[in-house]
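K.L.:
This is the structure I want to talk about, given as structure tokens.
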Amino acid sequence: MERDKIAVGLDIGTTKVVVMIGKKNEYGKLEILGLGKSKSLGVARGVVNNITLTIQSIQQAILEAENNSGYKVSDAVVGIAGQHIRSIQHADYISRANPDEVISEYDIQLLVDQVNKLAMLPGEEIIHVLPQEFIIDGQNEIKEPIGMSGRRLEASFHVVVGQAASIRNIGRCVQSSGIELSGLTLEPLASSDAVLSLEEKEAGVALIDIGGGTTDLAIFKDGIIRHTAVIPFGGNVITEDIKEGCSIIEKQAELLKTKFGSAWPNENKDNEIVSIPGLRGRDPKEISLKNLSKIINARVVEIIEQVYAEINAYGHEENRKKLIAGIVLTGGGSQLKHIKQLVEYITGMDTRIGYPNEHLAGNSSEEISSPLYATAVGLVMNSLQNHSTGAYQIELKQEPVTRTAAPVQRPVYQAPVETTEPMDVQEEAKQQPTPTPTLDSREKIKRSFFEKYVEKIKEFLDNAE
């Protein structure tokens, strides 16, 4: 039980791999015990393209997190994202033999299983089947059908689909890094848990996570995920544009973007110039900040317009689909100067930058509170709260406990567990069973289905070995 309180999130991104170790403190806030990050070498646009390099990056990040925290990592909840993820809307129904019997979880599971049998494109598999609203004998807008009666039970679903090979490659990398895959969650859902409030999800909000390789979109309305999309452009494309446009190396382009870059060219004066050291004794290169901002602006406008096209495809202009809370920007790309103003200018929607600090303990460092780590914080939260939307957690086996408790070379590992954990664990033991009966059917079904799916991946990897 003591280990159950420690959770690990693993974010395998295009530019960086982040391992975050955390637990809940006595106030219910997330306390980060350790953070490890490394340069991501084997991932392009969210998809693993070099298994060996990805394993090395994961191992390096795990080692740093272990050294910083004094804890040994045995398993992690891993985020799924990338260009291969797409979503579809689907409606389905079942006819019940006895309409007088109350609708139970079994009926909803039958409906979900029916959706799971949908024919997908070759090489694709269904990742999430998320029930949205139910209709019983023509009565619509039912969010919780259990306990009601009726013959025809139908529902609309948000179905998230991904390439089976890409998901298995992630599973293989994680297991080859020496840790177990304890759960999978869609990264935009993890980010939304970290930066969005319940009120925003209820009112209607679009979360835009601007990463290195991709830009992820998740739209919520009435507390339910309504639309997800992945745009195959991110911060790396902006860096590449600066590199080509200014004829400099990638490292210098990245530094220029983060230190002097702006998404709004009018903010820079014509005479503002930055000097870049020349290569191998060559003369320094002078670059106009106005030109730099124009290069950045052109690419950011393209990314935002593509995202806005997805928001329009969802139909936010309809009254019942209106996104009252506007847009929330997160991810490393959201730290670009004046990007908030540019997004508001293009979309005409209220915009804010999403920080994960609302859920973090007060003593958390400023670095962890950055939008850069929103996904990692969300993954740790999902692994701690297995009843939250988008979390698919598998029961931990006993072997990892004996493996991690046995080594004596980490005296630090034992101390925090024995001194700070028991009271929290006893409280969790009392509180853990109570939410289970009150969970609504959507959350139960999503978890049970995804547990099966992760088991399938594990079985596949075991057979492959």
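K.L.:
So how far apart, in nm, are the two label points at Thr52 and Asn98 if each is 7 Å from Cα heading toward Cβ?
P.N.:
Rounded to a tenth, the inter-label distance reads 6.2 nm.
K.L.:
Taking only the alpha-carbon positions of the range 182-311 and ignoring solvent, what does the Debye formula give for the base-10 log of I(q)/I(0) at q = 0.11, 0.18 Å⁻¹?
P.N.:
Computed log10 I(q)/I(0) values: -0.51, -0.95.
K.L.:
Between Lys322 and Lys285, take the C-beta separation as r, use R0 = 60 Å, and let me know the FRET efficiency to the nearest 0.05.
P.N.:
0.80
K.L.:
Solvent-accessible area of Leu255, probe 1.4 Å, all protein chains present, reported in Å² to the nearest ten, please.
P.N.:
90
K.L.:
Follow-up question, since we're still on this one. In angstroms, what radius of gyration and Dmax does the range 1-122 have, counting Cα atoms only?
P.N.:
20.7, 60
K.L.:
To continue, here is another question. At a Förster distance of 45 Å, what's the computed FRET efficiency of Lys269 paired with Gln306, Cβ-Cβ distance as r, to 0.05?
P.N.:
Once the sixth-power term is evaluated, E becomes 0.90.
K.L.:
A further question on this structure: Compute from the Cα atoms of the range 129-176 the Rg and the Dmax, the latter being the longest Cα-Cα distance, and quote both in angstrom.
P.N.:
17.5, 51
K.L.:
Give, rounded to the nearest 20 debye, the magnitude of the charge dipole that the range 1-133 has about its Cα centre when Lys and Arg contribute +1 at Cβ and Asp and Glu contribute -1 at Cβ. It would help to have the intermediate numbers written out before the result.
P.N.:
Values: 13 positive and 17 negative charges, 177 e Å.
So the magnitude is around 860 debye.
K.L.:
Follow-up. What ³J(HN,Hα) values, in whole Hz, does the Karplus curve 6.51 cos²θ - 1.76 cosθ + 1.60 give for the range 21-35 when θ = phi - 60°, with x put for Gly and Pro?
P.N.:
Running phi through 6.51 cos²θ - 1.76 cosθ + 1.60 with θ = phi - 60° gives 10, x, 8, 8, 8, 5, 9, x, 8, 8, 9, 8, 8, x, 9 Hz.
K.L.:
Let me ask another. State the percentage of accessible surface on the range 1-83 attributable to carbon and sulfur atoms; use a 1.4 Å probe and exclude ligands, DNA and RNA.
P.N.:
Roughly 46 percent of what the probe reaches on the range 1-83 is carbon or sulfur.
K.L.:
Moving to a separate point now. In debye, nearest 20: dipole of the range 161-284 around its Cα centre with unit charges on the Cβ of K, R (+) and D, E (-)? List each step's numbers first, then the result.
P.N.:
Working: 12 positive and 18 negative charges, 95 e Å.
Computed about the Cα centre, the dipole is about 460 debye.
K.L.:
Okay, moving on. Accessible surface of His90 in the full protein assembly, 1.4 angstrom probe, to the nearest 10 Å²?
P.N.:
That residue has around 40 Å² of solvent-accessible surface.
K.L.:
At most 16 other Cβ atoms within 10 Å and a DSSP loop assignment: could you name the GluC sites (Glu not before Pro) in the range 245-344 that fit? Please list the in-between numbers first.
P.N.:
Values: sites: Glu250, Glu254, Glu267, Glu272, Glu286, Glu302, Glu305, Glu310, Glu317, Glu318, Glu344; in loops: Glu272, Glu317, Glu318.
Filter output for the range 245-344: Glu272, Glu317, Glu318.
K.L.:
Counting just the Cα atoms, what span does the range 334-383 cover along each of its three principal axes? Round to the nearest Å and put the largest first.
P.N.:
Per principal axis, max minus min of the Cα coordinates gives 36, 21, 14 Å.
K.L.:
Oh, and also: Could you give me the ³J(HN,Hα) list for the range 202-212, computed from phi with Karplus coefficients 6.51, -1.76, 1.60 and θ = phi - 60°, whole Hz, x at Gly and Pro?
P.N.:
Whole-Hz 3J(HN,Hα) from phi for the range 202-212: 6, 6, x, 8, 10, 9, 10, 9, 8, x, x.
The values are calculated or read from the model by the stated rules, or taken from the named source; none is laboratory data. Since the model is a prediction, treat every value here as computed from it, not as a measurement. Here the Cβ is made from the backbone with ideal geometry for all residues, glycine too, and neighbour counts use every protein chain on show. With ligands, DNA and RNA removed, areas are computed over all heavy atoms of the protein, side chains included. Shrake-Rupley method; radii C 1.70, N 1.55, O 1.52, S 1.80 Å.
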